[in-house]
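Any read-out appearing in this document is the output of simple, stated calculations on the displayed coordinates, not a laboratory observation. These numbers were taken from a predicted model, which means no experiment stands behind them. Counting neighbours? That spans all protein chains shown, and the Cβs are built from the backbone with ideal geometry, glycine included.
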Amino acid sequence: MKALQMIGFDADDTLWHSEGYFDAAHAEFEAVLGRYVDLSQAAVQDRLLATERVNIRLFGYGAKGMALSMVETAIAMTDARISAADIHRIVELAKSILSHPVELLPGVREAVSAVAGDRPVVLITKGDLFHQERKIEESGLGDLFHRIEIVTEKDERNYARLLREFGVEPARFAMVGNSIKSDVIPVLALGGYAVHVPYRLTSALERAEVDAAHPRFAAIAALAELPTALARFEHAPPP
Ligand SMILES: [Mg+2]
């Protein structure tokens, strides 16, 4: 029997591109505010991030919550001078994120199929429910996954609940994803394994550090290296 009974995959920036769209929307937002404030003084991105950090507990992750936080930040930073036309531009930024085509990262289908041939794989993601459902559908990967879970926050509590539902001990589960904060730290804390696959951009909301020498942690450059990383976990003595 395989020591690892189930493998979890993150979705955004692990299976397909995502953060680049948010990054571009943030730059557009700053350009809109540049009509009202001196960008060299205003620290627009810092203000937006501070608003998002507070609002995440109410709105959750994703483009819709981002747009509401942008509207709130814009009204505050312009002393309510922002025009309705510019608020409309901000709403359009969210719509363009929500409707962008799904673009898989290289080698994703092959890597997920290879792992799914050995044991059940599950998709664990957070963000807008509508948006995530559409991306999963459009990706054509849905059938590879035994379960698809869209949660509000990828924390220890939710991972523990999901693993209980799946009937899998944390020590027999590995999570694969691009976020140290959401895909690595909570799973290691529960006693599971984690494989980090960095993406070229990391959301400011996802930045965190992990001890790279942790015995149940591996970092790989691309999903093509995943089967080898999992095999190393299987053959290492239990930590
Ligand atoms: Mg991700």
Query raised in the report: How big is D for the chain, in µm² s⁻¹ as a whole number, if Stokes-Einstein is applied with the Kirkwood radius of its Cα pairs at 4 °C and 1.567 mPa s?
Result: 68
Requested in this report: Would you look at the GNM of the chain, springs on alpha carbons closer than 10 Å, and say which of Ala213, Ala31, Ala111 moves the most?
Outcome: Ala213
Query raised in the report: Which of Ser203, Ser96, Ser40 moves most in a GNM of the chain, Cα contacts under 10 Å?
Result: Ser40
Requested in this report: Could you check how many percent of all C-alpha pairs in the stretch 19-99 are farther apart than 16 Å?
Outcome: 45
Report task. Could you work out which residue, out of Pro106, Pro198, Pro186, moves most in a Gaussian network model of the chain, that is, has the largest mean-square fluctuation with Cα springs under 10 Å? Result -> Pro106
Query raised in the report: What's the exposure ranking of Arg134, Arg164, going from fewest to most Cβ atoms within 10 Å?
Result: Arg164, Arg134
Query raised in the report: What is the sum of charges around Thr73, taking Lys and Arg as +1, Asp and Glu as -1, for the other residues whose C-beta is under 11 Å from the C-beta of Thr73?
Result: -3
Report task. Tell me what the chain gives for mean residue ellipticity at 222 nm when only DSSP H runs of n ≥ 4 count, each as -39,500 (n - 2.57), the sum divided by the residue total, rounded to 500 deg cm²/dmol. Result -> -14500 deg cm²/dmol
Report task. Just report the Cα centroid separation between the stretch 43-101 and the stretch 163-239, whole Å. Result -> 32
Query raised in the report: All other residues with a Cβ under 14 Å from the Cβ of Val91 taken together, and with Lys, Arg as +1 and Asp, Glu as -1, what is their net charge?
Result: -1
Report task. Would you mind checking the tilt of helix 156-166 against the longest principal axis of the Cα atoms of the chain, expressed as 0 to 90 degrees and rounded to 10? Result -> 50
